[in-house]
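The values are calculated or read from the model by the stated rules, or taken from the named source; none is laboratory data. Predicted model only: the values in this text are computed from it and were never measured. FYI the Cβ positions are ideal-geometry reconstructions off the backbone, even for glycines, and counts take in every protein chain you see.
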């Protein structure tokens, strides 16, 4: 399985619109390919870019997605909720984590 992981310059997992990089973890080889995010500044643009990368799933935490990016990716990607704070933590956690077809609303709701 190939899993997209959004993170910043320091390796911290961040919401899609703040991702400077998208790590693509191949759970078979345990290798991560670092790709510059072309959607920086927009959750919708970043999820579109992730979908074009041909991954199976995306690592998420509360607030990583918005209603628009969730709707765009639903049925195309699976979601893997993580507790990890850094890329390294996610690499260790993701191979054992459960991929979901749907998320609870509070995972992608926008708060003003």
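Quick notes on this structure:
- Qualifying residue in the stretch 69-81 (condition: touching a helix residue (DSSP H, G or I) at 6+ places or on another chain (Cβ under 7 Å), surrounded by 15 or more Cβ atoms within 10 Å (Cβ to Cβ) and assigned to a loop (DSSP other than H, G, I, E, B)): no
- Among the numbered conditions (1) surrounded by fewer than 12 Cβ atoms within 10 Å (Cβ to Cβ); (2) modelled with pLDDT of 95 or more, the only one that residue 111 does not meet is (2).
- Looking across 43, 62, one residue alone is under 19 Å from residue 9 (Cβ atoms) and in contact (Cβ under 8 Å) with a residue 24 or more places away in the chain. It is 43.
Residue by residue, here is whether (1) outside any strand (DSSP E or B); (2) touching a helix residue (DSSP H, G or I) at 6+ places or on another chain (Cβ under 9 Å); (3) surrounded by 19 or more Cβ atoms within 10 Å (Cβ to Cβ); (4) modelled with pLDDT under 95 holds:
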residue	(1), (2), (3), (4)
5	no, yes, yes, no
29	yes, no, no, yes
33	no, no, no, no
48	yes, yes, no, no
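- Boolean, residue 90 is assigned to a strand (DSSP E or B), closer than 14 Å to residue 22 by Cβ and touching a strand residue (DSSP E or B) at 6+ places or on another chain (Cβ under 6 Å): no
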